[in-house]
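Here's the structure we're looking at; comments come further down.
The values are calculated or read from the model by the stated rules, or taken from the named source; none is laboratory data. These numbers were taken from a predicted model, which means no experiment stands behind them. Here the Cβ positions follow ideal geometry from the backbone for every residue, glycine too, while neighbour counts run over all protein chains shown. Surface accessibility is based on the protein's heavy atoms, side chains included, excluding ligands, DNA and RNA. Shrake-Rupley method; radii C 1.70, N 1.55, O 1.52, S 1.80 Å.
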Amino acid sequence: MINLPGEKLRELLLRAGIVNTETFSVIQEEATRKRQNLSDLLISQGIINKEYLLILIAQFLGVERINLGVTKIDETVLNLLPEDVARRRKVIVFGKEPDGRFKVAMDDPSDLETIDFLSLKLAGKIKPYLATEEDLNRGFTAYGKKITQDFKKIIEESVRESLKSKARGDIATQGAEDLPIVAVVDNLLSYAVSSRASDAHFEILDDSILVRFRIDGILHEIIRMPKEIHPAVIARLKILSSLRVDEHRAPQDGRFRYKIGGTSVDIRVSILPTFYGEKVVMRILSGAQKPVSLADLGVFESDIHIIEEAIKKTYGMVLACGPTGSGKTTTLYSILNMLNKPEVNIITVEDPIEYDMRYVNQVQVNNAAGITFASGLRSILRQDPNIVMVGEIRDGETANIAVQAALTGHLVLSSLHTNDAPTTIPRFIDMGVPPFLISAVLNTVVAQRLVRKIHLNCIESYEPDEVTLTAIQRELLLLGVDPKSIKLPKTFYRGKGCSGCNFVGTIGRIGIYEVLNITESIRKLIMDGSFSMDMLKMQAQKEGMITMFEDGLRKVERGTTTIEEVMRVIRE
């Protein structure tokens, strides 16, 4: 986001009544200390809503605010500016005014040098609009449509060339360096990034290689390639990841950095031997991730208040729970960003380090060097930390060390794989942590899932049928909630599908949450060895806990997501 001069931003916020002089000075000092964009810090700390701040900045600059998520992009105009130039300049040419001016979304509409450059490049006048990084990324995805059209043709040509190399007798390691195989891998990676994929799967079948991408949490089949090029493709990925090319019987893990246009992405590679050969899964991580506010993640104000009260304590545990890929790490970093103050020493042990945070001492798990979650946690406790974040509690050893740290004056943040918030307690007991220690250290548990957001450009409303309403009531009964106590939405929403969302009706994801506040009555229940999960859930709901399903219903009512999405992720 554009970083206005401090005095100008202060003037805007004071005039709008968002902050007073004292509050702004404190935030400005913190932004300087963290070397963080002042606007980003104001948003992440919940001082101002992101969209409202953008409107204020746009008014100050004398331009319009543009949201490319709901604005149709004219592809003819878009392609007048090459993708690499658009990415380097951080602009999207998305349309044309009746008077001939080019509509250009920019992250900094005050950048006169870029405006002059575009005017010469496009041979026309420019009308700048203020856009966010997310807006621009949506625009860059539009370039991917051309890649989509040419993708299979490019891959097929590269595969044909690679098969000729194989016919000449080249071995896998030589084939891995051949231009056709390099082109196959590069095009697959470029297509994965342009498609906003979080994971790319290369799976070996009995007769072919199946390539699938996970986009917004759903796996999509992309292409099938001849089985004959499998050794060379796997060897190419091993070379990129600095793994052993001659090892085919043991799992291997590595990583590498890949550049597309002016953007770098980190790619984690996992190779697993299967019946027909080695399978590769690549996790695609944006290199420019920034912690955002809990509100931006989709946490409602009442739950944010519970979390804020929990992290005011100087000891105890705050846990984020859910399956792999449910956004637990992002939630933890949002909380960590709230805690990142000059007077505290924060140390983390992670695998991998997904966000780079100034003044936070981050330790990467390295099994080869003997740094595991457990051993890393032991070591960092000797570094006099106030706050400790453990990327994940996977075993009893890590759980017990984390509990001991929380008992001895440290605030511990971590994640755990459980289905919901109350299930955290039996999960800890199963790891060998005594109930009396669990009740003593737990402050708050945040369980979550990610649901796909309705594309606002093609949203439509409809009235639910009896089948849908019956399914919702059945789900509420399974959760121990009386359907009569919940007011169901009269109007539901969905995306019709359009070119902007690739005709799926959704784009991007948001969280649905369940925040369990560990009150005195719940502590007593945990200490009672005869407690049951039903008793725990009933007590939590009696004290106001909103289940993930109920939180999802609130987002359905607001038109953020669909009831089908909520039902899908709740059942996972």
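Computed with every protein chain present, the accessible area of residue 538 is close to 130 Å² [probe 1.4 Å].
Return a whole-number percent for the relative contact order of region 477-548, with Cα pairs under 8 Å and 6 or more residues apart as the contact set. It comes to 29 percent, rounded to a whole number. In this structure, the amide hydrogen of residue 199, modeled 1.01 Å from its nitrogen in the peptide plane, lies closer than 5 angstrom to those of 214, 284, counting only residues at least 5 positions away or on a different chain.
Based solely on its DSSP helices, what 222 nm [θ] is calculated for the chain when runs of n ≥ 4 H residues each add -39,500 (n - 2.57) and the sum is averaged over all residues, nearest 500 deg cm²/dmol?
Details: 23 runs with 242 residues, N = 572.
So the helix-based figure for the chain works out to -12500 deg cm²/dmol.
For the chain, the residue among 49, 445, 61 whose Cα projects farthest onto the positive side of the dipole built from Cβ charges is 61. Backbone phi angles across region 204-221, fed through the Karplus curve with coefficients 6.51, -1.76 and 1.60 (θ = phi - 60°), yield HN-Hα couplings of 8, 9, 5, 10, 6, 9, 9, 10, 10, 10, 9, 10, 6, x, 10, 7, 10, 6 Hz in residue order; Gly and Pro are listed as x.
Set the Förster radius R0 to 22 Å, insert the Cβ-Cβ distance between residue 371 and residue 345 as r into 1/(1 + (r/R0)^6), and round the FRET efficiency to 0.05. Don't skip to the end; give the middle numbers.
Details: r = 19 Å, r/R0 = 0.88.
Between residue 371 and residue 345 the formula returns 0.70.
For residue 227, the aspartates and glutamates whose Cα comes closer than 14 Å to its Cα, not counting residues fewer than 8 places off in the same chain, are 156, 203, 206, 207, 278. Of interest is the spacing of the C-alpha centroids, which for region 187-227 and region 405-440 amounts to 37 Å. Please list log₁₀ I(q)/I(0) at q = 0.05 Å⁻¹ for the chain, using the Debye equation with identical point scatterers on the alpha-carbon positions. Relative scattering, expressed as log10 I(q)/I(0), comes to -0.24. I'd like to know which of 519, 552, 504 lies farthest towards the positive end of the charge dipole of region 487-570, counting +1 on Cβ of Lys and Arg and -1 on Cβ of Asp and Glu. Value computed over the given set: 504.
When +1 charges are put on Lys and Arg Cβ atoms and -1 charges on Asp and Glu Cβ atoms, the dipole computed for the chain relative to its Cα centre reaches about 660 debye.
When only Cα pairs under 8 Å and 6 or more residues apart are kept, what is the percent relative contact order across the chain? Mind dumping the intermediate values first?
Numbers: 961 pairs, mean separation 56.4, N = 572.
Computed over the chain, the figure is 10 percent.
Of the cross-linked pairs 238/279; 328/524; 72/103, those separated by over 22 Å at the C-alpha level are 328/524. Given a Förster radius of 41 Å and the C-beta distance between residue 305 and residue 270 as r, what FRET efficiency does 1/(1 + (r/R0)^6) yield to the nearest 0.05? Efficiency, rounded to the nearest 0.05: 0.60. Among the cysteines of the chain, 321, 501 have no other cysteine beta carbon within less than 4.7 Å of their own.
Spread over its residues, the convex hull of the C-alpha atoms of region 1-137 is 114 Å³ per residue.
Please sort 19-27, 483-491, 429-437, 318-326 by packing, taking for each peptide the average over its residues of neighbouring beta carbons within 10 angstrom, highest first.
Details: 19-27: 13.6, 483-491: 11.7, 429-437: 15.1, 318-326: 20.9.
Per-residue mean Cβ counts within 10 Å order the peptides as 318-326, 429-437, 19-27, 483-491.
What order, most packed first, do the peptides 119-126, 299-306 have when packing is the mean number of other Cβ atoms within 10 Å of each residue? Can you show the working numbers first?
Numbers: 119-126: 14.0, 299-306: 15.8.
Result, highest mean Cβ count within 10 Å first: 299-306, 119-126.
With R₀ set to 22 Å, the beta-carbon distance separating residue 250 from residue 208 gives a calculated FRET efficiency near 0.35.
Approximating the spin labels as points 7 Å out from Cα along Cα→Cβ, the residue 16-to-residue 221 distance works out to 4.9 nm. Report note on the peptides 394-401, 11-18: ranked by the mean count of other C-beta atoms within 10 Å, highest first, their order is 394-401, 11-18.
Separation of the alpha carbons by more than 23 angstrom is noted, of 8/96; 50/90; 50/453, for 8/96.
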